[in-house]
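Undergrad: This structure is in structure tokens; I'll ask about it shortly.
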Amino acid sequence: MGYNRYLGKCSIFDAELWGILDGLAFIHNMRREGVLMQTDSLEVVQAIQDSSFSSSNSALIRRIHHLLLNAGPWMIQHCPRVCNKIVDCLAKMAFDIIQ
């Protein structure tokens, strides 16, 4: 799934949260259950894991938790950036073969 949203000026942290929120909204609309989220931002992983739905200062995190309440079992994992480079390279190779 591609990501396309105009965020204006915002932090990388907030951009990661918007990506997760939009993905969860998509999953919610498709009525899927169970979520595995992966991000290369350890800060985002900790913020989502450590905050509760009612105690977070971030509206984005509160919205994420609200969607997670209805998503069934969920897990969030930190995936180091080096892993992203490998996956990006494999995806590019697969795309080149298809064309």
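Undergrad: What accessible area, in Å² to the nearest ten, does a 1.4 Å probe give for His66?
TA: Taking all protein chains as shown, His66 has close to 90 Å².
Undergrad: About the Cα centre of the chain, how large is the charge dipole given +1 on each Lys and Arg Cβ and -1 on each Asp and Glu Cβ? Please answer in debye to the nearest 20.
TA: That gives the chain a dipole magnitude of about 200 debye.
Undergrad: Just the number, please: carbon plus sulfur as a percent of the accessible area of the chain, 1.4 Å probe, no ligands or DNA/RNA counted.
TA: 57 percent
Undergrad: Still on this structure: Measuring with a 1.4 Å probe in the full set of protein chains, what accessible area per residue, in whole Å², belongs to the chain?
TA: For the chain, the per-residue accessible area is 73 Å².
Undergrad: A follow-up question, please. From the helices alone, meaning DSSP H stretches of at least four residues, give me the mean residue ellipticity at 222 nm for the chain, per-run term -39500 (n - 2.57), in deg cm²/dmol to the nearest 500.
TA: Calculated at 222 nm, the ellipticity per residue is -18000 deg cm²/dmol.
Undergrad: Longest exposed-loop-site-free stretch of the chain, with trypsin sites (Lys or Arg not before Pro), DSSP loop and at most 15 other Cβ within 10 Å?
TA: Maximal segment without exposed cleavage sites: 33-99.
Undergrad: While we're looking at this one, here's another question. With the convex hull built on the Cα atoms of the chain, state its orientation-averaged projected area in nm².
TA: 7.6 nm²
Undergrad: Relative to the longest principal Cα axis of the chain, at what angle does helix 12-29 sit, 0 to 90 degrees, rounded to 10?
TA: Orientation of helix 12-29: about 90 degrees from the principal axis.
The values are calculated or read from the model by the stated rules, or taken from the named source; none is laboratory data. Everything quoted here is computed from the prediction, not taken from an experiment. In this analysis, Cβ positions are derived from the backbone assuming ideal geometry, glycine residues included, and neighbour counts consider all displayed protein chains. Just so you know, the surface numbers come from the protein's heavy atoms only, side chains and all, with ligands and any DNA or RNA stripped out. Shrake-Rupley method; radii C 1.70, N 1.55, O 1.52, S 1.80 Å.
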